[in-house]
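Working notes for the structure below.
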Amino acid sequence: MAANKRHAGEADKPVEKVCKNCGKTFLTVYRGKDFCTSSCGEAYRINHAECPICHTRLIEKGITTGKGYCSEACREEARLQRAIQDGDYIACEQCGKKFIRKNFANRFCSKECYEAYREAAKVPAKEPGKKPGLAKKVCPVCKKEFTVSPLQMSKRYCSVECRNRALSAPKPAAAKPGTHLCTTCRVSQKACERFSSGFKKLPEGAELRKVNGQDVVVACPKYR
């Protein structure tokens, strides 16, 4: 805006002002300018800067930077005020003492309180010899019962030998389109020993159960 006025020949006329630092009179077109030079402005700031907490002049404490706090106590007080304003001045979850947290995950005033909290939250030790969460399963190959841990719940066989036997067993014959399947072993009726023998013969190892007075096949060695 000032440059446009100068180019148009309508620049503001300089006015006389008195420097607030050295008292020298100077000319300026800027109404808000209070110092004749930048050095005078810097000197004035250094000589008149105050501690934002107790308002003591910093120059009286030997601080010539023109900024900061007059003492460590005022610096800590300012830090506390900022923490209260930002919601970072909280009570320790262990001892209840208030402290300034460094981040949102900080919940304890000291390492000792953190360790004490962890010790109190520990789950009581299990009795010696007991293994938690064990379960019983039956091997589909040898029919023996075996024990699995919570991390072994997907285990189907009691041993590697039984697993290899199951994997090497012949696969059930696939049904051709349009053929009927045995409801138990899910192979075609032609391949199923029950159907091909006119229900007079069962595959070796098949299990029966009485349901409403009739024998029903509940397990077939061909069923996987």
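Bear in mind that the values in this text are calculations on the coordinates, not laboratory data. Only a predicted model underlies this, so the values are computations on that prediction, with no experimental measurement involved. Please note: Cβ atoms are built from the backbone with ideal geometry, for glycine as well, and neighbour counts cover all protein chains shown.
Key figures for this structure:
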{"read-out": "Among the listed pairs 67/111; 155/201; 97/122; 143/210, those beyond 26 Å (Cα-Cα)", "value": "67/111; 155/201"}
{"read-out": "Förster radius 22 Å - calculated FRET efficiency between residue 85 and residue 65 (Cβ-Cβ, nearest 0.05)", "value": "0.30"}
{"read-out": "Two-site FRET efficiency, residue 106 against residue 48, from Cβ-Cβ distance with R₀ of 25 Å, rounded to 0.05", "value": "0.05"}
